């Protein structure tokens with residue numbers, strides 16, 4: 001059995017893509033339609049931050065397959081609605097088989113919603129302050145870091161504002177998901193294509 005390619009690889013339609021997306025239709029659609037596209041609104045940013053935190057220790061595919069359930073359970077990731085969740089909502093979420101039922105992660109989402117409401121310029125504006133100029137596009141998957149100095153600084157700033165479950169790795173995954181950094185490989189057809 002040959003090893004998985006680490007550089008861009010051909011997808012089912014022949015287009016070159018980041019190899020991580022080629023294992024399932026869900027990952028392929030997420031890669032092509034969403035991952036790395038700029039998210040500038042607070043609700044979208046809050047959803048990505050929450051989902052990245054829920055993903056910790058699990059596969060991203062697990063989260064993608066439960067995403068609609070997460071959206072229903074967390075009221076569309078409306079920050080104000082989630083900030084108002086109380087003990088009965090925590091119990092409801094812990095009993096919901098459609099999401100990841102982890103008390104610490106559920107309580108973190110609620111706490112982070114409350115913290116997000118207190119941010120003077122909003123969550124998206126805060127996260128976008130940590131964009132950086134990428135000198136060189138990653139060529140192979142091994143070129144993509146799990147965290148960067150910017151994600152470490154973002155994690156520290158989020159913590160200062162009362163956020164939890166948002167360490168440097170989760171912060172970097174959010175930066176990637178929201179297009180703050182472009183980690184599509186250099187050979188990937190999605191690299192640098194935000195307008196279409």
Among (1) within 21 Å of residue 83 (Cα to Cα); (2) surrounded by 15 or more Cβ atoms within 10 Å (Cβ to Cβ); (3) over 17 Å from the mean Cα position of the chain (by Cα); (4) in contact (Cβ under 8 Å) with a residue 40 or more places away in the chain - the single one residue 157 does not satisfy: (4)
Selection from the range 57-72 of residues that are more than 17 Å from residue 178 (Cβ to Cβ) and touching a helix residue (DSSP H, G or I) at 6+ places or on another chain (Cβ under 9 Å): 61, 62, 65, 66
Filter result for residue 104 (under 19 Å from residue 161 (Cα atoms) and out of contact with any helix residue (DSSP H, G or I) (no Cβ under 9 Å at 6 or more places or on another chain)): yes
Residue among 106, 63, 99 that is modelled with pLDDT of 95 or more, at negative phi and not in a helix (DSSP H, G or I): 99
Yes/no for residue 34 being closer than 21 Å to residue 191 by Cα and in contact (Cβ under 8 Å) with a residue 60 or more places away in the chain: yes
Count of the range 120-148 residues which are in a helix (DSSP H, G or I) and within 24 Å of residue 6 (Cα to Cα): 3
Odd one out for residue 160 among (1) touching a helix residue (DSSP H, G or I) at 6+ places or on another chain (Cβ under 9 Å); (2) at pLDDT 95 or above; (3) under 19 Å from residue 42 (Cα atoms): (1)
Every residue from the range 4-40 that is within 17 Å of residue 63 (Cβ to Cβ) and part of a loop (DSSP other than H, G, I, E, B): 23, 24, 34, 35, 36, 39
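Residue by residue, here is whether (1) over 24 Å from residue 39 (Cα atoms); (2) out of contact with any helix residue (DSSP H, G or I) (no Cβ under 9 Å at 6 or more places or on another chain) holds:
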residue	(1), (2)
89	yes, no
95	yes, yes
115	no, no
127	no, no
Lone unmet requirement of (1) in contact with a helix residue (DSSP H, G or I) (Cβ under 7 Å, 6 or more places away or on another chain); (2) surrounded by fewer than 22 Cβ atoms within 10 Å (Cβ to Cβ); (3) within 27 Å of residue 193 (Cβ to Cβ) for residue 77: (2)
Number of the exception - residue 186 against (1) surrounded by 15 or more Cβ atoms within 10 Å (Cβ to Cβ); (2) out of contact with any strand residue (DSSP E or B) (no Cβ under 9 Å at 6 or more places or on another chain); (3) assigned to a loop (DSSP other than H, G, I, E, B): (2)
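The values are calculated or read from the model by the stated rules, or taken from the named source; none is laboratory data. Just so it is clear, the structure is predicted and the values come from calculations on it, not from any experiment. With ideal geometry, Cβ positions are generated from the backbone for all residues, glycine too; neighbour counts draw on all protein chains shown.
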